[in-house]
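We did not get these values from a lab; they are worked out from the coordinates using the rules stated. Predicted, not measured: the structure shown is a model, and the values here were computed from it. When we count neighbours, we look across all protein chains shown, and the Cβ atoms used for this are built from the backbone with ideal geometry, even at glycine.
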Amino acid sequence: MNYTSTELKALSDEQVVHAELQLDRDLVGLRFRKNADQLRNVNQIKVVRRNIARVRTEQRRRELDAGLAKNALLEQHRATFSAAAAVQTEGSSFAADLNEQMEDGE
């Protein structure tokens, strides 16, 4: 998901930490898919990395406002995180790529 600064400000501390953890998991999945030549749009990696940076910036801003140590929010809310299932984008699997190529050829 793409996050804007206004969307991040509207989230609770717990939701901000969970967004960071989910984006980290998404980035790992994208890197695996890229290395297996299953990722068609490698630009997704850049988008996710920038979203992680936005989320971490907001998280650190909140820590500074509250007078907390660095990564205090992460340590506080990490235990409540449960990962969402990875959403597979269209055209990201071998079979979907093959179907798309066949449709384009006809």
Quote to one decimal, in nm, the extra length available between ALA53 and ASP65 on full extension: 0.36 nm per residue of separation minus the C-alpha distance between them.
2.5 nm
For region 1-90, which trypsin sites (Lys or Arg not before Pro) are in a loop by DSSP, counting at most 11 other Cβ atoms within 10 Å?
LYS70
Here, ILE45 and GLN15, labelled 7 Å along Cα→Cβ, have an inter-label distance in nm of 3.1
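Might you report the magnitude of the Cβ-based charge dipole of region 33-73 about its Cα centre, with Lys and Arg at +1 and Asp and Glu at -1, to the nearest 20 debye? Spell out each step's value before the answer.
Values: 12 positive and 4 negative charges, 39 e Å.
Dipole magnitude for region 33-73 comes out near 180 debye.
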Taking K and R as +1 and D and E as -1, what net charge do the other residues with C-beta under 11 Å from the C-beta of SER5 add up to?
+1
So how much slack lies between ARG78 and GLN38, counting 0.36 nm per residue of separation and subtracting their Cα-Cα distance, in nm?
11.4 nm
For LYS70, counting only lysines whose alpha-carbon sits under 21 Å away and dropping same-chain residues fewer than eight positions off, the answer is LYS9
Between the alpha-carbon centers of region 38-75 and region 1-36, tell me the distance in whole angstrom.
7
In terms of Cα to Cα distance under 30 Å, which lysines are near enough to LYS34, apart from those fewer than 8 places away along the same chain?
LYS46
